[in-house]
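> Please read through the structure below; I'll follow up with questions.
The values are calculated or read from the model by the stated rules, or taken from the named source; none is laboratory data. Computed from a predicted model, the values in this text were never measured in an experiment. For neighbour counting, all protein chains shown are included, and Cβ atoms are generated from backbone atoms with ideal geometry for every residue, glycine included. Note: areas computed on protein heavy atoms with side chains; ligands, DNA, RNA excluded. Shrake-Rupley method; radii C 1.70, N 1.55, O 1.52, S 1.80 Å.
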Amino acid sequence: MNRQGARDGFPLRTVGQVRQWVEAQLATPEPDLALLSIVVGQLEHQWTAGKVGSGPAAESTVGLGGAGAASGLTIEPPLTWPLIEASVAKFESIIRSYCDSLVLSAALSAPENVSAIRALIKHVADIIWNTLSKSHYKDRPHLQSIYSYLTGNKLDCFGVAFAVVASCQLLEVPHVHLALSEDHAWVVFGAEGTETAEVTWHGKGNEDKRGQPVDIHKAKTSWLYLAGQPVVCDRHMEVAALVSSINPAVSANVDSVECGVLQQELLWLLYDHGHLSKYPMALGNLADLEEIESSLGRPSCQQIFDQAIRVNRDVYANHHVYPYTYQAGYHYRLKQYKAALKSWANAAEVIKRYCYSKDDEEIYKEFLEIANELIPHTVKAASLNPQAYSEVLQDPECFASILQFYDGICCWEEGSPTPVLHIGWAKPMVSTCSKFEAEVRARVEIPKEASEDKEDEEEEEEAEDPTTASTTSAKKAEKNPPPLKKVYLELHSAKMRGLKDLLCAEKLNTSAIQLQLTAQSQTDVKRPPWTTNIDDAAFGGRPKRTRRE
């Protein structure tokens, strides 16, 4: 690649200078992914490695005392061009020396040949994979950059996918881009971006899938692939993915403020240039950073969380879960419990589009934490505070949000070969519901099935005596107390529809609720009726989107 001018601005002595240098890279049609990943990775390493327990680390993790100081935050020692240039040359040497010239020439001579391009992508993925140390590094921080690859031969699954795309850019293979779900990454290619290729692992034992198209059944039903609604990146969005992947963790309980400031500054840069406009998770990361240290004259973190949700709905047909869990976490931290319950319910509304599978481990853990820790803590905290008690435990809308949350989980389980709900889910659910008085629970109106309506009509006709009907009506009219406001809630899962009378009864039958909630759901895999139909041939590239231009 032509890197003429990339050295301009070096040495980089402050975060502000890094921002200016990255902005210059974004001004080009083809930002150099390898170069950017090395620079950002070097800074992340410099600010997070080996700092635990040292005096400077403790000082570096305190607040800045105002966002105005961010750009002037110093880089010590400064980042010099010879160091970066040597790293870039090392990466280029690895890729070019291991790349089979025949495979490369076949792809470059016929860029419309899907088989030739797929063979090259697999070949590049094999080069990256085979030059890594022989271990998986799931959930280990600071392994997502090419800097990590060059200095320790280690990459996480995102890092492998990013390195493959950066390598293809280096080799000047056109139209190879990153596709991202909320827990996985793969590659799309072809002039229309309609071809897919696995290049990294998810879980254990999946490395042999490199080069294969995304499994169409999983693509349709699994949260891992977002049912054909992933974030499909252009080159500038790939830079956004790199920035969004920055991890400021020094330890489990300490973050590097320098790293967080760099990420915040670069995300705002990308935001200003429109490169986050289709990237809900990056917006969520930016909002989280703004909650920690707000930037003068910028949208509030609440506004950014709301924007992420709008993008999810308008661009991705509401297939992403994390925009809602990001927002819920924000409300929860502020003790805005009703809003948090509603956001968790909205997250479960998304997950009901999918069929649960073993690939969904990360989102399963997320929902388990919500169900077993966050919601119970919310209702417990509300029960101890008179104002919160009134706002939460006496509000049927909050009870409806909890039912909606569990309804989404039950829908996720339906049609899956693997059960989701067990007694560990059921006990906290019953305990949570029991905190709401019978009068409040009864104010949640759940529509009856058509068969139930017919049975009720027949019973009323049999019970009504024409000679006394008018007298009874008159007596009812005399009392006529104003009815309490009811909340309408439609349930979609068979389990929750079967539980509706038990949940709204004056006294909760704990054993019956737990038994029905944990009953084995159907195990023959079929697509639930509320999931989106996807054209097999269309999946894999630019997804069909509902979008506002």
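> Working only within region 313-326, note down all residues that are surrounded by 24 or more Cβ atoms within 10 Å (Cβ to Cβ) and free of Cβ contacts under 8 Å to residues at least 40 places away in the same chain.
Within region 313-326, just Tyr324 meets the criteria.
> Considering only region 279-292, how many residues are open to solvent by 50 Å² or more (accessible area, probe 1.4 Å) and over 13 Å from the mean Cα position of the chain (by Cα)?
Qualifying residue count for the region: 2.
> Residue by residue through region 230-245, note down the ones that are open to solvent by less than 10 Å² (accessible area, probe 1.4 Å) and either assigned to a loop (DSSP other than H, G, I, E, B) or within 30 Å of Thr418 (Cβ to Cβ) (or both). Write out each step before concluding.
At the first step, the residues of region 230-245 found to be open to solvent by less than 10 Å² (accessible area, probe 1.4 Å) are 230-233, 238-243.
Result: Pro230, Val231, Val232, Cys233.
> How many residues does region 149-199 contain that are in contact (Cβ under 8 Å) with a residue 24 or more places away in the chain, open to solvent by 10 Å² or more (accessible area, probe 1.4 Å) and under 15 Å from Thr131 (Cβ atoms)?
Residues flagged as in contact (Cβ under 8 Å) with a residue 24 or more places away in the chain, open to solvent by 10 Å² or more (accessible area, probe 1.4 Å) and under 15 Å from Thr131 (Cβ atoms) within region 149-199 amount to 2.
> Identify, please: which residue in region 89-131 is touching a residue at least 24 places away in the same chain (Cβ under 8 Å) and outside any helix (DSSP H, G or I) and is, among those, surrounded by the fewest Cβ atoms within 10 Å (Cβ to Cβ)?
Out of the qualifying residues, it is Glu112.
> Within region 376-390, how many residues are touching a helix residue (DSSP H, G or I) at 6+ places or on another chain (Cβ under 6 Å) and either among the hydrophobic types (A, V, I, L, M, F, W, C) or within 13 Å of Ala340 (Cβ to Cβ) (or both)?
Residues that pass the stated criteria total 5.
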